[in-house]
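The values are calculated or read from the model by the stated rules, or taken from the named source; none is laboratory data. Just so we're clear, the structure is a prediction, and the values are computed from it rather than from any experiment. Note that each Cβ is placed from the backbone with ideal geometry, even for glycine, and that neighbours are counted across all protein chains shown. Just so you know, the surface numbers come from the protein's heavy atoms only, side chains and all, with ligands and any DNA or RNA stripped out. Shrake-Rupley method; radii C 1.70, N 1.55, O 1.52, S 1.80 Å.
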Amino acid sequence: MPNESERNSSEPAPDQDARLYVPINDTENINVAVKTSSSKEYCFSKFPGQDHFHLLMHGEVFVTNGHDMYCVECAIRHGFLTRDRLNWQHQTKR
Ligand SMILES: [Zn+2]
């Protein structure tokens, strides 16, 4: 088994891989969708230090947990999406 102690899982890897994954424990709750109207809807989250919500654009890929909408960036920050392809190996079981 490779030694992964050099990689801190709390830091994003400098990875050019564009693939994203829903953590395997959340696949029943998390949905990814495309905004199909130009109605004003906002990401439910904010970037740290920012005081405005992100306007979701017509055609933007967003993430929903059944209640709230999140832009992809915030979804990653909240752990609804991950770039960690082997997330199921790195997560503690719930
Ligand atoms: Zn956002």
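Tabulated data
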| item | result |
| --- | --- |
| Residue match in the range 4-14 (condition: modelled with pLDDT of 75 or more, within 19 Å of GLY79 (Cβ to Cβ) and surrounded by 10 or more Cβ atoms within 10 Å (Cβ to Cβ)) | no |
| Those residues of the range 37-68 which are surrounded by 15 or more Cβ atoms within 10 Å (Cβ to Cβ), within 9 Å of the ligand (Cβ to nearest atom) and among the hydrophobic types (A, V, I, L, M, F, W, C), in sequence order | CYS43, PHE44, PHE53, LEU56, PHE62 |
| Conditions (1) of a type in the set (Asp, Glu); (2) at pLDDT 90 or above; (3) open to solvent by less than 70 Å² (accessible area, probe 1.4 Å); number of the one not met by GLU28 | (3) |
| Near pairs, Cβ below 7 angstrom, 6+ apart or cross-chain, from the range 47-68 (at positive phi) to any residue that is more than 9 Å from the ligand (Cβ to nearest atom) | GLY59/VAL34; GLY59/LYS35; GLY66/ASN29 |
